[in-house]
Amino acid sequence: MTQRLQIRGILLAAAIAWPNPTPPPGAPPDGHLTVRIDGLRSNDGQVMVAIFSRDFQFPDGDYADEWVKKPARTSGVTVTFGGLPPGNYAIGAFHDENGNGKLDTSFIGWPSEGYALSNDVRLSFYRPRFAESAFAVGPGEQRVTLHMGY
């Protein structure tokens with residue numbers, strides 16, 4: 001009987017400590033972000049779209065929170081990121097015209113394929129910064145448009 005009580009106590013403690021997937025009352029609901037990318041010059045290849053919630057290694061897609069690959073369309077590409085906790089996010093995208101899965105660059109590191117960053121940030125003499133591209137995402141539905149540049 002004592003062993004049964006111990007097992008019940010352990011199970012009760014585990015049930016109390018187990019994370020609850022339901023947010024606490026009053027917590028803001030997650031956001032959904034729809035990203036539209038326009039200005040693609042061809043239907044060749046694919047468009048890679050990444051979302052970042054922190055500045056670490058931005059805009060390197062290997063460090064993105066999530067990324068999506070879609071077929072390129074001159075009429076535009078739309079992707080949706082759901083389940084986003086309220087906070088600051090930045091979006092990066094590139095047109096992988098040759099389909100090799102990476103952003104091709106010139107010998108000096110300048111992109112030779114189209115790219116786009118949120119807030120229309122363009123390359124300069126320094127790496128794009130998260131703080132320049134970031135925007136607030138709150139609960140509910142939100143839309144942003146990126147313009148592909150070549």
FRET E, pair LYS69, THR105, Förster distance 25 Å, beta-carbon r, rounded to 0.05
0.85
With r defined as the distance between the Cβ atoms of ASN88 and THR34 and R0 fixed at 25 Å, what FRET efficiency is calculated, to the nearest 0.05?
0.90
What's the extension gain from ASP62 to GLU141 if we count 0.36 nm per residue and subtract their Cα-Cα distance?
25.8 nm
Chain lengthening between THR78 and GLU132 when straightened (0.36 nm per residue, less Cα-Cα)
17.2 nm
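Where a number appears in this text, it was derived from the coordinates with a stated rule and is not lab data. Not measured: the values here are computed from a predicted model. All Cβ positions, glycine included, derive from the backbone under ideal geometry; neighbour counts span all protein chains shown.
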